[in-house]
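Visitor: There's a structure below that I have some questions on.
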């Protein structure tokens, strides 16, 4: 910000950021114990440092955020789960209301899609505040099955099946999100995503699971655009899992070496049957639901951050589609 005006700089001209965050990752096999807690499945525990940059401060950009939005085609927002009582003197609600105001001012000059990546926090008050204040501002909400389960419980979605879940796929009370079979879990995830999208009033909710990616939407984009985004995300996920990092477009060739998950294809076909649609080569694309198999790496070099990469990759292609439509 110079004399009240925003000046955009290329990433090459930006100052090199020092490492501000460290994750300590502990992985466990089913049956292993940690601090007296037994793992019910293969899982991991992540202990993370928390730099002060996580406090949602916009600095000088706060007052001129509308100028940033005037040159923006899409925004992917995340990190709201990092707030802590010790670092937010104003309290969660006040801090997140200000964050909502910043987001609204960001879009005051022009409309563009906003993706909010939902992330786990075990602070009930923070989850409530993020869910009530931030998520309804999004066009797209991204999450994984565990995060979907938290939102379902927090919003008591099981008590209110929607029209979609009353019919071909049953009522939410009968839905288990913990089923290990992809063919059964995908139907449960679909029902809950439909109810969640209705409750939040957003255009699209997108979920990334081990064997498949799934999106429910309401006139958000043509289903082909969402399908291309999910398929691109699967290539990114495989690349990240196989190599541990993605350092350029050419690296994505690695992801193409991994075939779409057979279990994922069967799961998508199961969902297609449940919603009375047809899956072509393991891909389902209708105006209200899109699903495609993931590309799974059996022995990954790295897994932390794959969900963020999946959401960013799919949203980038979706934003590209909206820009093309505008032209």
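None of the figures in this text is laboratory data; all of them are computed from the coordinates on show. The structure displayed is predicted, hence computed values, not measured ones. Neighbour counts run over all protein chains shown; Cβ positions are idealised from the backbone, glycine included.
Visitor: Express in nm, to one decimal, how much length is gained between residue 153 and residue 219 on full extension, taking 0.36 nm for each residue of separation and deducting their alpha carbon distance.
Guide: Working: separation 66, 0.36 × 66 = 23.76 nm, distance 2.67 nm.
Value of the extension gain: 21.1 nm.
Visitor: Also, I was wondering about something else. Rounded to the nearest 500, what is the chain's calculated 222 nm mean residue ellipticity when only DSSP H runs of at least 4 contribute -39500 (n - 2.57) each, over all residues?
Guide: -12000 deg cm²/dmol
Visitor: Fewest first, what order do 81, 213, 115 take by the number of other Cβ atoms within 10 Å?
Guide: Working: 81 18, 213 26, 115 23.
In order of increasing Cβ crowding within 10 Å: 81, 115, 213.
Visitor: Rounded to the nearest 10 degrees, what's the angle between the helix 145-154 long axis and the longest principal axis of the chain, both from Cα atoms, 0 to 90?
Guide: Tilt of helix 145-154: around 80 degrees.
Visitor: Given a cut-off of under 8 Å on Cα pairs at least six residues apart, what relative contact order in percent is computed for the chain?
Guide: 14 percent
Visitor: Just to be sure I understand the curve: with the Debye formula and one point per C-alpha of the chain, what is log10 I(q)/I(0) at q = 0.09 Å⁻¹?
Guide: With no solvent term, the Cα-only Debye profile gives -0.50.
Visitor: Report the antiparallel proportion of the DSSP beta bridges in the chain as a percent, rounded to a multiple of 5.
Guide: Taking every DSSP beta bridge with both residues in the chain, the antiparallel ones total about 70 percent.
Visitor: Could I ask something else about it? Using a cut-off of under 17 Å, list every residue of region 55-74 whose amide N is near the label point 7 Å from the Cα of residue 1 along the Cα-to-beta-carbon line.
Guide: 55-71
Visitor: Round to the nearest 10 and give me the degree value, 0 to 90, for the angle of helix 182-200's Cα axis relative to the longest principal axis of the chain.
Guide: For 182-200 against the chain, the angle is about 40 degrees.
Visitor: Here's another thing I want to ask about it. Tell me, what is the FRET efficiency for residue 84 and residue 24 to the nearest 0.05, using R0 = 22 angstrom and their Cβ-Cβ distance as r?
Guide: The value I calculate is 0.80.
Visitor: Based only on other Cβ atoms within 10 Å, what is the fewest-to-most ordering of 21, 240?
Guide: 21, 240
Visitor: Continuing with the same structure: Treating the angle as unsigned and between 0 and 90°, give the value, to the nearest 10°, between the Cα long axis of helix 223-243 and the longest Cα principal axis of the chain.
Guide: 80 degrees
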